[in-house]
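A short write-up of the structure that comes next.
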Amino acid sequence: MSREQQVQQRLLAIETQLRQAGLWQTVAPTSEAFASTEPFCVDTMTPLQWLQWIFLPRMQALLDAGAPLPVSLAIAPYYEVWLEGETPERARLLHCLNEFDQLFESAN
């Protein structure tokens, strides 16, 4: 399986986990929220909004365009801090994010 196929598979796993946990939103944030210049849009979006509305679509766009993927990437640590409590949903989402990050650790 190619790296691109693995990334595609992991993106789908993250989306599936968000949906199963009831965290998937059907209404996008305001256009102003997307204009943020802060990392993770911390001033205008929740971390889960950023994941759904910024990160997943941008990674998918790179795949669709056949564009180079990031050389390194680590988003799981941000969510380890942000997601509070020890719940099965948190554990499953962090597992998906860690698996995604691992694709970029082995690329170096």
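Each principal axis of the Cα atoms in region 10-93 has its own extent, and those three values, largest first, are 36, 28, 24 angstrom.
Quick one: putting +1 on the C-beta of Lys and Arg, -1 on the C-beta of Asp and Glu, what dipole do you get for region 69-108 around its Cα centre, in Debye to the nearest 20? The partial results should precede the final answer.
On the way: 2 positive and 7 negative charges, 18 e Å.
Value, rounded to 20: 80 debye.
When the helices of the chain are scored as -39500 (n - 2.57) per DSSP H run of n ≥ 4 and the total is divided over every residue, the value at 222 nm lands at -16500 deg cm²/dmol. Rounded to the nearest 20, the Cβ-based charge dipole of the chain about its Cα centre (Lys and Arg +1, Asp and Glu -1) stands at 280 debye.
Run the numbers for SER72 and SER31: contour at 0.36 nm per residue of separation, minus the present Cα-Cα distance, in nm. All intermediate terms of the calculation are to be shown ahead of the outcome.
On the way: separation 41, 0.36 × 41 = 14.76 nm, distance 2.85 nm.
Full extension of this stretch gives 11.9 nm more.
Values in this text are rule-based calculations from the coordinates and carry no lab data. Quick caveat, the model's predicted, so the values are computed rather than measured. Here the Cβ is made from the backbone with ideal geometry for all residues, glycine too, and neighbour counts use every protein chain on show.
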